[in-house]
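Enquirer: Can you read through this structure? Questions will come right after.
The values are calculated or read from the model by the stated rules, or taken from the named source; none is laboratory data. All figures in this text were calculated on a predicted structure; none of them were measured in a lab. Note that each Cβ is placed from the backbone with ideal geometry, even for glycine, and that neighbours are counted across all protein chains shown. Calculation scope for accessible area: heavy atoms of the full protein, side chains included, ligands and nucleic acids excluded. Shrake-Rupley method; radii C 1.70, N 1.55, O 1.52, S 1.80 Å.
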2 protein chains.
Amino acid sequence: MAGKAGKTLPTAAKAGAEVRPRRRRKDARPQELTAAALALFVEKGFAATRLDEIAARAGVSKGTLYLYFDSKEALFKAAIEEGVLPAIEAGEALLDEYGDDPVGLVRGFLRAWWEQIGSTAYGGIPKLMFAEAANFPEVARYYNEAVIQRGVALLRTAVARGIASGVFRPVELSVISPLLISPLIHLATWRNSIAPLCGAGVDPDCYLETHIDLVLHGLCAGKKPDGEPR
Amino acid sequence: MAGKAGKTLPTAAKAGAEVRPRRRRKDARPQELTAAALALFVEKGFAATRLDEIAARAGVSKGTLYLYFDSKEALFKAAIEEGVLPAIEAGEALLDEYGDDPVGLVRGFLRAWWEQIGSTAYGGIPKLMFAEAANFPEVARYYNEAVIQRGVALLRTAVARGIASGVFRPVELSVISPLLISPLIHLATWRNSIAPLCGAGVDPDCYLETHIDLVLHGLCAGKKPDGEPR
DNA sequence: TTTTAATTACTGACTGGTTAGTAATTAAAT
DNA sequence: ATTTAATTACTAACCAGTCAGTAATTAAAA
């Protein structure tokens with residue numbers, strides 16, 4: 001299919017003929033391997049991704065992979081976990097910043113998610129988790145509890161406070177978080193699936209700001225949703 | 001798995017006990033096979049689904065599969081196409097019904113999508129298409145043009161009319177359709193991935209109605225979004 | 001109707017290509 | 001010289017796709 005491939009990226013040897021460098025970088029390898037693995041798992045799925053391919057993208061041979069990971073499955077788990085910590089940390093940081101400003105917290109959460117997760121390489125993880133949930137139920141459960149449910153709780157708290165303080169009108173709290181975040185997940189998924197096949201999709205910033213504007217208008221009912229419009 | 005097998009040649013059939021019917025149903029087979037295939041592709045992905053598994057779920061042997069489909073890929077395409085026609089037809093029908101009632105059309109579209117697509121077996125197709133887009137770019141392009149872009153255009157037209165008639169406030173039309181539909185796609189994807197792993201998720205009806213309520217409040221700005229609240 | 005022939009739907013053991021994982025080997029670093 | 005990072009060559013298992021053969025059904029002959 002893909003086809004051009006060529007060599008395996010000889011890391012730009014100085015000049016002479018094709019001498020492969022064969023560098024040794026024990027400490028940097030795991031990161032490089034999980035990054036390559038994540039990109040390919042997101043693009044093609046777990047089963048359709050060949051270990052040779054992952055190794056080639058990371059600039060090593062397949063055997064090297066097994067110096068750092070016990071199995072393909074272990075590599076998958078490591079690649080996912082790589083994206084879990086940043087997501088959690090980013091979420092926690094927000095509570096400190098917008099602790100008692102519901103409108104700012106909702107806006108900040110959505111913008112921060114897109115900036116730090118959705119628009120980065122981690123933006124492919126939701127698509128990957130949804131696709132592989134049945135094949136890796138434990139990983140999916142872990143991801144759900146460690147990342148999704150935490151984010152959901154954070155958003156729900158923000159909205160609950162907004163309702164309590166009269167800024168937001170009453171809405172069903174049990175469904176509000178997925179309603180707020182799903183357009184962003186959808187955009188991230190889109191960019192990691194269909195978008196590469198057709199030229200020029202929607203503008204992410206416009207999409208994001210329109211979403212924020214729409215839901216804040218919806219939440220605030222009659223009153224205007226105060227705060228800087230970016 | 002099955003494993004009774006026994007010897008190599010099952011010529012001895014008279015035993016009387018466990019001989020399966022081996023019914024002949026030439027006309028019903030393709031449907032049964034695509035339905036089984038779709039369910040398994042949605043659950044595990046294309047590459048991770050074994051043809052033996054699909055055949056077993058449809059109650060036939062793997063050889064039979066090849067009487068009706070040329071290859072695993074052909075079966076995949078057939079399974080997707082199976083879900084394309086209903087989606088298109090459902091969309092077209094709506095324009096006739098709510099041709100000049102923007103609020104009703106938006107509400108009707110979202111409810112109809114969930115009822116006729118999202119909550120059915122076809123509800124797994126978006127997840128499947130996103131996951132396999134890079135592996136089957138032609139199928140993904142076809143699905144995008146035949147289904148997604150049509151639905152997007154339909155929704156955009158509805159909102160544009162609403163703005164023109166003063167019912168909706170002005171919003172960015174280029175992003176409004178995915179913003180309206182993505183929470184539903186997300187719910188359908190959720191139910192076909194993580195939900196089966198954890199007991200009791202959100203209530204689909206509550207989720208759907210809250211979404212409709214929220215976006216219509218957002219679109220209508222100050223004024224109330226008239227119409228029956230279900 | 002009963003028997004026999006022809007056809008059709010289906011089966012499951014087999015094969016050949018593919019690939020995750022391993023063992024033997026080489027090269028760099030200390 | 002010894003240790004360790006990395007490569008290469010290999011193996012065992014798996015699975016899409018095939019095909020020789022079997023059971024069910026239909027048609028024709030007796």
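Enquirer: Anything in the stretch B:73-107 that is surrounded by fewer than 17 Cβ atoms within 10 Å (Cβ to Cβ), at pLDDT 90 or above and over 16 Å from the mean Cα position of the chain (by Cα)? List them, or say none.
Expert: Result: B:Glu73, B:Ala74.
Enquirer: Regarding the stretch B:25-33, can at least one residue be identified that is within 16 Å of DNA strand D (Cβ to nearest atom) and under 26 Å from A:Asn135 (Cα atoms)?
Expert: yes
Enquirer: Can you go through A:Leu128, A:Leu154, A:Leu214 and tell me which one is part of a helix (DSSP H, G or I), modelled with pLDDT of 95 or more, open to solvent by less than 40 Å² (accessible area, probe 1.4 Å) and farther than 29 Å from B:Pro137 by Cβ? So that I can check it myself, show each step before the final result.
Expert: Numbers: A:Leu128 fails: farther than 29 Å from B:Pro137 by Cβ; A:Leu154 fails: modelled with pLDDT of 95 or more.
Being part of a helix (DSSP H, G or I), modelled with pLDDT of 95 or more, open to solvent by less than 40 Å² (accessible area, probe 1.4 Å) and farther than 29 Å from B:Pro137 by Cβ holds for just one of A:Leu128, A:Leu154, A:Leu214, which is A:Leu214.
Enquirer: With respect to A:Gln116, determine if the residue is within 13 Å of chain B (Cβ to nearest Cβ) and polar (S, T, N, Q).
Expert: Details: within 13 Å of chain B (Cβ to nearest Cβ): no; polar (S, T, N, Q): yes.
Considered against the rule, which asks whether it is within 13 Å of chain B (Cβ to nearest Cβ) and polar (S, T, N, Q), A:Gln116 comes out as no.
Enquirer: Among the residues of the stretch A:158-210, which ones are over 19 Å from B:Glu209 (Cβ atoms), within 7 Å of chain B (Cβ to nearest Cβ) and open to solvent by less than 30 Å² (accessible area, probe 1.4 Å)?
Expert: Residues of the stretch A:158-210 that are over 19 Å from B:Glu209 (Cβ atoms), as a first pass: A:158, A:160-162, A:164-167, A:184-210.
Checking the rest, the ones that are also within 7 Å of chain B (Cβ to nearest Cβ) come to A:185-186, A:189, A:193-194, A:197-198, A:202, A:206-207, A:210.
Answer for the stretch A:158-210, where residues must be over 19 Å from B:Glu209 (Cβ atoms), within 7 Å of chain B (Cβ to nearest Cβ) and open to solvent by less than 30 Å² (accessible area, probe 1.4 Å): A:Ile185, A:His186, A:Thr189, A:Ser193, A:Ile194, A:Tyr207, A:Thr210.
Enquirer: Taking the conditions exactly as written (within 14 Å of chain B (Cβ to nearest Cβ), out of contact with any Asp or Glu (no Cβ under 7 Å at 6 or more places or on another chain) and away from DNA strand D (no atom under 15 Å from the Cβ)), does A:Gly123 satisfy them or not?
Expert: Numbers: within 14 Å of chain B (Cβ to nearest Cβ): yes; out of contact with any Asp or Glu (no Cβ under 7 Å at 6 or more places or on another chain): yes; away from DNA strand D (no atom under 15 Å from the Cβ): yes.
When the stated conditions are applied, A:Gly123 passes them.
For every residue, the table says whether it meets (1) aliphatic (A, V, I, L, M); (2) at pLDDT below 95; (3) in contact with a strand residue (DSSP E or B) (Cβ under 8 Å, 6 or more places away or on another chain).
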residue: B:Gly6; (1), (2), (3): no, yes, no
residue: B:Ala15; (1), (2), (3): yes, yes, no
residue: B:Val19; (1), (2), (3): yes, yes, no
residue: B:Asp27; (1), (2), (3): no, yes, no
residue: B:Ala36; (1), (2), (3): yes, no, no
residue: B:Phe46; (1), (2), (3): no, no, no
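Enquirer: For the stretch A:44-82, which positions are near DNA strand C (Cβ under 7 Å from one of its atoms), part of a helix (DSSP H, G or I) and farther than 24 Å from A:Ile117 by Cα?
Expert: A:Leu51, A:Asp52, A:Lys62, A:Gly63, A:Tyr66, A:Lys72
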